[in-house]
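What follows is calculated from the coordinates using simple rules that are stated; it is not laboratory data. Computed from a predicted model, the values in this text were never measured in an experiment. Positions of Cβ are backbone-derived with ideal geometry, glycine not excepted, and every protein chain shown enters the neighbour counts.
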Amino acid sequence: MTDLIQYTTRGAVGLITLANPPVNAFSAAVRAGVLEALEGIMADDALTAAVITGSGKLFSGGADIREFNTPAGMQSPNLPELIEKTEAFPKPVVAALHGTAVGGALELSMACHYRVAAAGTRLGLPEVTLGIVPGAGGTQRMPRLVGAEAALDLIVGGRPIKAEEALELGLIDEVVESDVVDAAVALAEKVAAEGGPPRRTSELEDRVTADRERPEIFEEYRKKMARKARGLESPYACVECIEAAVNKPFAEGLAFERETFVRCVESAQSKALQHAFFAERESGKVPGVTKDTATRPIERAAVIGGGTMGAGITMCFANAGIPVSIIEVAQDGLDRAMKTIEGTYAGSVNRGRMSQDAMDACMSLITPSLGYDAVADVDLVVEAVFEDMSLKKEIFGKLDEICAEGAILATNTSTLDINEIASSTARPESVVGLHFFSPANVMRLLEIVRGEATSPETLATAMRIGKTLRKQGVVVGVRNGFVANGMMLPYIRESEFLVEEGATPEQVDRVIFEFGFPMGPFQTMDMAGLDVGWRIRQAAAATRPESERYSPVADRICEMGRMGLKTKAGWYLYEEGSRTPVPDPEIAAMIEAASAEQGIERREISDQEILVRCLYPLVNLGAGMLEEGVALRPSDIDVIWMHGFGFPRYQGGPMFWADQIGLGEVHRVMQELYEQHGELLQPTALLTQLAQEGRSFGDWSAE
Ligand code: T1G
């Protein structure tokens, strides 16, 4: 037997323990080990039952995703075979669940005859998030245990539920506060003593028989899920499998599920979603920082600046249960900040997203403070004042004097040089960038900016606090705009050039929306506020080469006082209380005038050209950042764009998406654009090199 399975007996019960760290994934060896152990229990007349459990912090994270589309993934016994043999086992099999039991792990549990879970165990079928369907009977057994409607929520939603809710639904049989293995052994002995055939889930027909009378639930669910499932295939595949569970005999439903799983797991969407899964985890691996790198405990924090960002960042700490002071220099600013925070929480309570108690608990963790005394005993300060280097340096100088030794000083700057800010302190090794994205209490992306002097300990602490704040942290280097906003520049610039050349803002936005973004560039800019970009362009004006093409349209919109949604006018018009963008003939006329001024003859522009003009330069610049070392790996750039700007996850992020097209083609088009539109679109050396060598970003690494 493999050492990935531990086996022992408890009285007349054979106890099988999964021992495949870190998540007890059902690799080929684990599957073979479980089957071998079951066969041993079958052959031993002294044993009357079996219990399956997991070692470490969880039961199991399910099938081994790294084995997808590999021979190991299909190596017998594959998961469906193991699950079928478990359910057919002649002696009672009880699952003892703790921590997390998801995917194939929950599928195996549903094929066990009984399920006991420790309180708080998370149970779910997240396969839809990987672009597949549960492929080991989950879509057939779940409806038989909890009914089709609950099964739809669990399988199409893909989110785990706690054991207590699972018990109410009928998914499990017991929730225990005591030792879950002891409880499972006791239940196994009890069931064995009662005799009779084990309770097989596939034979439970009451729920599906009742659901067969209500075919409308599936159409109603398809309507309900449409917005969130936009562009996705696997949510609809999940619904079809659950429908099959209700309308077909078990064996036929299982066969339908299997062929649906095979179709999905080989799909481009699933490959992209699997890439996204591993990319998010890879981003936590940073040169010079290991699992053994010491980190500093962050028990108290402070935020400097009570503007939109400062208020949002303050909420991040409160939401994570960390006491936090928010500091402003004037009472009215502080009052405004607290009003913003209270209003945001109240909005969540009104929408039912948060309980009043939870809001009160968060508010109790937030201390408004005038002046800097509050930073004397905190472990981490995040500066979030507006983008002025001299002000930031003055603040960091003060923080350096007042903060305790070892406190980490972070800046939320989105464009300024961390190294220069650090130079205003005597502790540059404790200075790091924590670049949040607006709204900071919602957006998951956190760019962790590593300065030249930032110590591994400071960086490791920043990465850990990012996880504590439930952010998707990505470590980036120092560059104007770092990676996220830096790559936004060509995306926005080309979209503005396109409307001067003949497209309309609404056409560009439609193309990008249809590609899978939540909204296009013009609507995005209106939502974020046009003044942000305007200030950045004004700051950069002095250094912009005369020869460089520049679109004056955005500046002219700002000069009219149109700052986007917040002024009900920007690139679009907005009616009172509405966020729906309405094309404005005045802007269309202004764009046409700008085209004429610049001698640009407007032309019909295809959707494909719009897509390529907006996204290929973004990929090209990403390659440049890899060359510069500002981004550690292509998949980090994918994570940044998925979590920072809503790049559709089922496209895998810009670099993965470009790989699927082929860098030879991307380079060919970039070369054409360069010849047509000038040096801003020159292919970077890395893109050129990879294209010439027939390689992909996926097989490039900085080493
Ligand atoms: N397969 C392979 N590796 C996995 C894995 C999995 N299922 N889950 C996690 N890992 C790796 C992960 O890449 C990381 O690796 C390490 O384990 C720790 O992960 C037939 C076919 C279980 C809640 O979708 O949700 O079953 O970076 O940092 O925060 O229907 O991992 O250390 O090298 O996330 O403690 C369905 C995916 C599979 C669950 C634990 N299962 N995993 O969270 O650890 S498809 C999932 C998770 C399936 C059947 C189908 C989480 C976790 P490294 P981590 P964590």
Residues whose placed amide H lies under 5 Å from that of Gly570, excluding near-sequence neighbours: Gly564
Sort the chain into rounded, prolate or oblate with this rule: let a ≥ b ≥ c be the square roots of the eigenvalues of the Cα gyration tensor; rounded if a/c is under 1.5, and if a/c is not under 1.5, prolate when a/b is larger than b/c, oblate otherwise. prolate
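Under the definition of Cα pairs under 8 Å and six or more residues apart, what whole-number percent is the relative contact order of segment 485-701?
Once normalised by length, the contact order is 21 percent.
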Residues in segment 89-105 reached by a label modelled at Met42 [backbone nitrogen below 14 Å; 7 Å Cα→Cβ]: 89-93
For Met519, net neighbour charge (Lys/Arg +1, Asp/Glu -1) across residues whose Cβ lies under 13 Å away: -1
Answer with one residue from Leu615, Val630, Gln682: the one whose Cα lies farthest towards the positive end of the charge dipole of segment 602-703, charges on Cβ with Lys, Arg +1 and Asp, Glu -1. Leu615
At a Förster distance of 51 Å, what's the computed FRET efficiency of Ala255 paired with Asp182, Cβ-Cβ distance as r, to 0.05? 0.85
Just name one of Ser76, Pro552, Leu15: the one whose Cα is farthest towards the positive end of the charge dipole of the chain (beta-carbon charges, Lys/Arg +1, Asp/Glu -1). Leu15
So, R0 is 22 Å and r is the distance between the beta-carbons of Gln671 and Gln598; what FRET efficiency does that work out to, to 0.05? 0.35
What dipole magnitude, in Debye to the nearest 20, does segment 485-701 give about its Cα centre under +1 on Lys/Arg Cβ and -1 on Asp/Glu Cβ? 540
List every residue whose amide H lies under 5 Å from the amide H of Glu383, counting only residues 5 or more places away in sequence or on a different chain, with H placed 1.01 Å from N in the peptide plane. Ile304, Ala410, Thr411, Asn412
Phi-derived 3J(HN,Hα) across segment 213-223 with the Karplus relation (6.51, -1.76, 1.60, θ = phi - 60°), rounded Hz, x for Gly and Pro, is 7, 10, x, 5, 4, 6, 5, 4, 5, 4, 5
Looking at segment 604-687, which GluC sites (Glu not before Pro) are in a loop (DSSP not H, G, I, E or B) and have at most 13 other Cβ atoms within 10 Å? Glu604
Taking θ as phi - 60°, what are the ³J(HN,Hα) couplings along segment 538-547 by the Karplus curve (6.51, -1.76, 1.60), each to the nearest whole Hz, with x for Gly and Pro? 5, 5, 8, 4, 5, 9, 7, x, 3, 6
Taking the Cα centre of segment 301-480 as origin, work out the dipole magnitude from +1 charges on Lys and Arg Cβ and -1 charges on Asp and Glu Cβ, in debye rounded to 20. 840
Once amide H atoms are built 1.01 Å from N in the peptide plane, which residues 5 or more positions from Arg115, or in another chain, come under 5 Å H to H? Ala95, Asp173, Glu174
Label-point separation (nm) for Phe277 and Thr468, each offset 7 Å from Cα along Cα-to-Cβ? 3.0
Take every Cα pair under 8 Å in the chain that's 6+ residues apart, average their separations, divide by the length, and report that relative contact order as a whole percent. 9
Note the full-extension length gain between Arg199 and Lys285 as 0.36 nm times their separation in residues minus their Cα-Cα distance, in nm to one decimal. 26.4 nm
FRET efficiency for Arg537 and Ala376, using Cβ-Cβ distance with R0 set to 41 Å, rounded to 0.05: 0.55
How about segment 283-352: which trypsin sites (Lys or Arg not before Pro) there lie in a loop by DSSP and see at most 14 other Cβ atoms within 10 Å? Lys285, Lys291, Arg351
Would you mind working out the magnitude of the charge dipole of the chain relative to its Cα centre, with +1 at each Lys and Arg C-beta and -1 at each Asp and Glu C-beta, to the nearest 20 Debye? 700
Could you tell me the center-to-center distance, by alpha carbons, between segment 670-703 and segment 164-237 in angstrom? 51
Going down the list Lys162/Lys224; Lys228/Lys467; Lys85/Lys162; Lys285/Lys467, which pairs span over 19 Å between their C-alpha atoms? Lys162/Lys224; Lys228/Lys467; Lys85/Lys162
Choose one of Thr415, Ala384, Gly347: the residue whose Cα lies farthest towards the positive end of the charge dipole of segment 301-480 (beta-carbon charges +1 Lys, Arg; -1 Asp, Glu; about the Cα centre). Gly347
Using θ = phi - 60° and the Karplus relation 6.51 cos²θ - 1.76 cosθ + 1.60, list the HN-Hα couplings for segment 99-116 in order, rounded to whole Hz, with x at every Gly or Pro. x, 9, 9, 10, x, x, 5, 6, 4, 4, 4, 5, 8, 5, 7, 9, 9, 10
Over segment 574-703, what is the relative contact order in whole percent, taking alpha-carbon pairs under 8 Å and six or more residues apart? 22
